[in-house]
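A.B. asks: Can you keep this structure in mind? I'll have questions shortly.
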Amino acid sequence: MPVSASLRARLSRLPSRLSIALLLVTAASLCHAAAIRGVVTDPSGAKITGANVALLSNGKVVATTVSTADGSFQVLTGSAGRFFLVVSAKSFREIETPGFYAGPLDNIERTVVLEPQWARESIVVTATGTPTPQAQTSAATSVLGPLDLALEDDLVSQLRLMPGTFVVQSGQAGAVSSLFVRGGDSTSNKVLVDGVSAGDLGGGFDLGPLSTTAVESAEIYRGPNSSLYGADASSGVVSLTTPHGTTSFPSLLFHGDAGNFDTSREELEVAGAHNKLDYLGAFSWLQTSNDLPNDEYHVATSAANLGWQINGNTQIRATLHYGVDATGVPNAWDFYHVADSATEKDQDLFFSASIDNQTTPDFHQTARYGMTRKREQYNLWSPSGQLFTYDTYGDQAYYGLPVAITGANGYKVSGRAILDFPAFPPSTYPEGNQIVSNRDQIMYQGNYTFTPHIVATAGFHYEQERGAAPNSSYLTPVERTNYDYLAAVHGDFKSRFFYTLGGSLERYSLFGTQTSPRAGLSYYVLRPRKGIFSGTRVLFNFGDAVREPSLTDQFYSLYNFLETNGGQSTIQQLHISPLAAPATRTYEGGFEQAFFGERLLFRSSFFHNEFGRQIEYVGLDLIPELLPNLTPQQQNQLEQTLQADGAYEQSLNTQAYRGLGVETTVEGGIGRAIFLRGGYTYLDAVVQRSFANDDVALLGPIPTYGGIPNGIPIGEDSPLQGARPFRRAPHTGFLTATYSTRKLTAMLSSAFASRSDDSDFLAGYDLNGGNSLLLPNRNLDYGYAKLDLGASYQLWDWLGIYGKAENLTNNQHIAPIGYPSLPVGLRIGLKLQWGFGAGK
């Protein structure tokens, strides 16, 4: 039937009306859409044009776009929910942003930094206090990511694979482990867990029992940074972060492995996200017998992370880490060949609660409450060894077996050393002590972006510290109240010249008011580009920092000890002052060179650190010389009382030393699967001033025993002037190789160290109460080469296998003299997972 003209006219108008209706519906929906916008840059800050940006939700792409000529992008979504971005560009590694929640009308700002395909340059926070690409900072910062930590139980081995760091573990698994950065003391590092200070009062931190459970990354900053983090960040900063739940359903991950030395480890993790909430919970258990008598070790770790995104610009988050461990303490086995019947237990809790708000596109602020609760308990359950009387007063001690001690320097001594003392005052075993470190923190930081090239930071830190340590046979409590006020500015000029300028005012109840300035500059002489020489950057850093003395330093202050016991004349004669804050100053200059389109990166830095007012220790054997006003019987009784409290030395601010050296690293990729990295550090550290020189004068000439040449000066508790600080190797290096595909990951790592100066701390501990067991300090600790190999293979989506071999060279001298290292360790395990990697 023929169509009328009027009907044809109506039909012809229908598509246009439908189009208009659809357009109105679309416009209405977009009025309620969330907008995700931002800029894509390379690590130097240069804008990337044509980058592919995909917005994903529940594992599906919901929107795509391409970055424009100025690197900017914008994607819209008409539905609320959890999203993440996947961004890629030619010659860059594809990156996946952390998940976020976006609701109707939310405007989300995201700056995406793409890494070169062949190099690894991360976003770091410790350098400026705000997320900044490594290529835009002058600071020496390294990042351990999920791949580095995947097969690790703790951070000890991985921290050896860093330039400028030296890790000393005084024993086998679980033993006390200390980190020395660029020659600084082991108590001069700030350790943060989700932004909360996790160290003991005074900065010490034992890495031995710290588990990698629920640790997503570890950022290591080398250099003083009290301007951002307050006292204790005087040599370096170690910042640990907890992962977030990301999948839209609960995901489960289980690891279980077993190995020699009766070692086993199990770990369970549950994580996910729903609308505005993300969650993660984890628990792990590790136990091992180690390779020495009475050296069993176990640690249980629990962790949680809960986040609630109020809207697209505001979120609140709470994280918790709680670790409980116990380890036997056999003591320095090579000095006694008898194991102490002792244990050490730790209970460590770190809690963070924060609110993070992007108030305006230019103003970001974070407020955080942090809580640290730490308790360390040591118990000597019974004395070990053979009981002898060692002086004319009838004093007795328990001795180890006859031993011959050989230092790495070739010197030897032989004899029997005191292992334990009888209980004093007379009582029954067990004997013990504990140290308590409690801290509550309130922190605020605001960042304002004046222009894309200038960002200002201002903040405030408040700490209330409460601790206790053994003193005069009972726990002595102490309270400290500390304030930090900080301000900084960082930015760039034409993405070529980058700078950081800042400082802090610190008011600490123990040592008063200090200031800590810091400056960092870097300049691209040659911008990143294609070609053999594909980017050249020079850098400079300067900074001051201070450290808060520890509880034991405060309680066992030599000044307080002498003043209490009538030693005022000794105070005046030797110019001994009240305990003060150790100080650090650093100068650093270096350069970075990229080759072959950034396939290969070479970095080298020269650093010069000055450490002043450092705390050193005077042994109790000097009490007769320091307190001549007391009778010999009073002197002896005072020494025994202090030893019963766990004190074997007194502290004072009389040491100064400098540490200068060179750090070099080289890294690069071969294809997409292989990544190589290596480094070498030379450290020239020299003691410039030391009270320990007076130890020699007070003790008199070192006698000739066991082959020690007469007249060799020995620092029994502290290094002598002109010598190296203890336990800082002058030469360290590392080499790692990683092969990673979708199913297989294999890692080979090796760490090297030269001999280092140390003491065996056996002054007054021989069979006659003398010094015949002392060895010269120079090169006393052995050098070592440690080689580890690990691999994992994904059999199916839900099942994988993994294994690791440690210390393949079977080196027994990785630990300091006296402490045998763990022999070759082997373990193999299974990984079961459901939901992880299946989409977010």
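The values are calculated or read from the model by the stated rules, or taken from the named source; none is laboratory data. Values in this document were obtained by computation on a predicted structure and should not be read as measured data. Because the Cβ atoms are built from the backbone with ideal geometry, glycine has one as well, and the counts that use them run over all protein chains shown. Only protein heavy atoms, including side chains, enter the accessible area calculation; ligands, DNA and RNA are left aside. Shrake-Rupley method; radii C 1.70, N 1.55, O 1.52, S 1.80 Å.
A.B. asks: Need the list of aspartates and glutamates near Lys60 for cross-linking: C-alpha distance under 16 angstrom, and skip anything on the same chain fewer than eight residues off.
C.D. replies: Glu96
A.B. asks: What are the extents of the Cα atoms of the stretch 510-663 along their three principal axes, listed from largest to smallest and rounded to whole Å?
C.D. replies: 79, 28, 23
A.B. asks: Continuing with this model, one more query. The stretch 172-323: Rg/Rh from Cα coordinates, Kirkwood Rh?
C.D. replies: Working: Rg = 17.8 Å, Rh = 17.3 Å.
Checking Rg against Rh, the ratio lands at 1.03.
A.B. asks: Using all C-alpha to C-alpha distances in the stretch 534-601, build P(r) with 10 Å bins and read off the rounded percent in each one.
C.D. replies: Percent of Cα pairs in each bin: 16, 24, 18, 14, 12, 10, 5, 0.
A.B. asks: How do the peptides 520-531, 488-499, 608-619 rank, highest first, by the average count of neighbouring beta carbon atoms within 10 Å per residue? Walk me through the numbers on the way to the answer.
C.D. replies: Details: 520-531: 16.0, 488-499: 17.8, 608-619: 22.0.
Result, highest mean first: 608-619, 488-499, 520-531.
A.B. asks: Also, I was wondering about something else. Do the alpha carbons of any pairs in Lys47/Lys530; Lys47/Lys90; Lys47/Lys494; Lys90/Lys494; Lys345/Lys374 sit beyond 18 Å of each other, and which pairs?
C.D. replies: Working: Lys47/Lys530 16 Å; Lys47/Lys90 13 Å; Lys47/Lys494 11 Å; Lys90/Lys494 23 Å; Lys345/Lys374 11 Å.
Table pairs above 18 Å Cα-Cα are Lys90/Lys494.
A.B. asks: Quick one: work out Rg over Rh on the C-alpha atoms of the stretch 113-223, Rh as Kirkwood radius.
C.D. replies: Working: Rg = 14.2 Å, Rh = 14.9 Å.
Rg divided by Rh gives 0.95.
A.B. asks: Please work out the average accessible area per residue across the stretch 116-235, using the 1.4 Å probe convention, and give it in Å².
C.D. replies: Counting only protein heavy atoms, the per-residue value for the stretch 116-235 is 19 Å².
A.B. asks: Lysines near Lys786 by alpha-carbon distance under 22 Å, same-chain residues fewer than 8 away left out - which ones?
C.D. replies: Within the straight-line limit of under 22 Å, Lys786 reaches these lysines: Lys804.
A.B. asks: Something else about it: For the stretch 226-326, which GluC sites (Glu not before Pro) are both in a DSSP coil and crowded by at most 13 other Cβ atoms within 10 Å? Could you put the intermediate results ahead of the total?
C.D. replies: Working: sites: Glu266, Glu267, Glu269, Glu296; in loops: Glu296.
Nothing satisfies the criteria.
A.B. asks: Net charge near Leu735: determine it from the other residues with C-beta under 13 Å of the C-beta of Leu735, scoring Lys and Arg +1 and Asp and Glu -1.
C.D. replies: Working: positive: Arg160, Arg677, Lys786; negative: Glu667, Asp788.
In short, +1.
A.B. asks: What's the whole-number percent of alpha carbon pairs in the stretch 50-104 lying beyond 15 angstrom? All intermediate terms of the calculation are to be shown ahead of the outcome.
C.D. replies: On the way: 705 of 1485 pairs.
In whole percent, the long-distance tail amounts to 47.
A.B. asks: Just the Kirkwood number for the stretch 149-208, please: inverse of mean 1/r across all distinct Cα pairs, in Å, one decimal.
C.D. replies: Numbers: mean 1/r = 0.0826 Å⁻¹.
Hydrodynamic radius (Kirkwood, Cα only) of the stretch 149-208 equals 12.1 Å.
A.B. asks: Of all the accessible heavy-atom surface of the stretch 54-139, with the other protein chains kept in place and a 1.4 Å probe, what percent is carbon and sulfur? Before the final figure, lay out each step's value.
C.D. replies: Details: 1850 of 3590 Å².
That fraction is 52 percent.
A.B. asks: Still on this structure, please answer the following. Please express the Cα-Cα pair-distance distribution P(r) of the stretch 334-400 as a list of whole percents, one per 5 Å bin, running from 0 to the bin with the greatest distance.
C.D. replies: In order of increasing distance, the bins hold 4, 11, 11, 11, 10, 8, 7, 7, 6, 6, 6, 5, 5, 3, 2, 1 percent.
A.B. asks: Just add up the charged neighbours of Lys412: K/R +1, D/E -1, any other residue whose Cβ is under 13 Å from the Cβ of Lys412.
C.D. replies: Values: positive: none; negative: Asp334, Asp760.
Net charge around Lys412: -2.
A.B. asks: Excluding residues on the same chain fewer than 8 positions from Lys412, give the aspartates and glutamates whose Cα lies under 15 Å from its Cα.
C.D. replies: Candidates past the 8-residue exclusion: Asp334, Asp758, Asp760, Asp766, Asp781.
A.B. asks: Just how large is the dipole of the chain about the Cα centre, in debye to the nearest 20, putting +1 at every Lys and Arg Cβ and -1 at every Asp and Glu Cβ?
C.D. replies: Numbers: 58 positive and 77 negative charges, 1030 e Å.
The dipole of the chain has a size of about 4940 debye.
A.B. asks: Semi-axes of the equivalent ellipsoid of the stretch 703-799: what are they in whole Å, largest first, if each equals the square root of 5 times a C-alpha gyration tensor eigenvalue? Mind showing how you got there, number by number?
C.D. replies: Working: eigenvalues 426, 44, 18 Å².
Equivalent ellipsoid of the stretch 703-799: 46, 15, 10 Å, largest first.
A.B. asks: Pop out the carbon and sulfur fraction of the accessible area of the stretch 359-430 as a percent, whole number, probe 1.4 Å. Walk me through the intermediate numbers first.
C.D. replies: On the way: 2030 of 3690 Å².
Carbon-and-sulfur percentage of accessible area, whole number: 55.
A.B. asks: Can you check how the C-alpha radius of gyration of the stretch 487-526 compares to 2.2 N^0.38 Å, as a plain ratio? Display every interim value, and only then the final one.
C.D. replies: On the way: Rg = 14.8 Å, N = 40, 2.2 N^0.38 = 8.9 Å.
Relative to the 2.2 N^0.38 Å estimate, the stretch 487-526 comes out at 1.66.
A.B. asks: Given the stretch 757-835, report the % of alpha carbon pairs whose separation exceeds 21 Å. Kindly include the intermediate steps, with their values, before the conclusion.
C.D. replies: Values: 1685 of 3081 pairs.
Tail of P(r) above 21 Å: 55 percent of Cα pairs.
A.B. asks: Continuing with the same structure: Find the relative contact order for the chain and round it to a whole percent, using C-alpha pairs within less than 8 Å whose residues are 6+ positions apart.
C.D. replies: On the way: 2435 pairs, mean separation 90.9, N = 840.
It comes to 11 percent, rounded to a whole number.
A.B. asks: D for the stretch 254-398, whole µm²/s, Stokes-Einstein with Kirkwood Rh over alpha-carbon pairs at 10 °C and 1.306 mPa s: what number?
C.D. replies: The estimated diffusion coefficient comes to 82 µm²/s.
A.B. asks: Right, here's the next one. Please compute the per residue accessible area over the stretch 383-430 with all protein chains in place, 1.4 Å probe, rounded to a whole number of Å². Display every interim value, and only then the final one.
C.D. replies: Numbers: 2420 Å² over 48 residues.
That works out to 50 Å² for each residue.
A.B. asks: Continuing with this model, one more query. Could you compute Rg(Cα) / (2.2 N^0.38 Å) for the chain, with N its residue count? Don't jump to the answer; show the numbers that get you there.
C.D. replies: Numbers: Rg = 29.9 Å, N = 840, 2.2 N^0.38 = 28.4 Å.
The chain yields a ratio of 1.05.
A.B. asks: Once a ≥ b ≥ c are taken as the square roots of the eigenvalues of the Cα gyration tensor of the stretch 387-537, is the result rounded (a/c under 1.5), prolate (a/b larger than b/c) or oblate (a/b not larger than b/c)? Numbers along the way, then the final one.
C.D. replies: Working: a/c = 4.74, a/b = 1.85, b/c = 2.56.
Verdict is oblate for the stretch 387-537.
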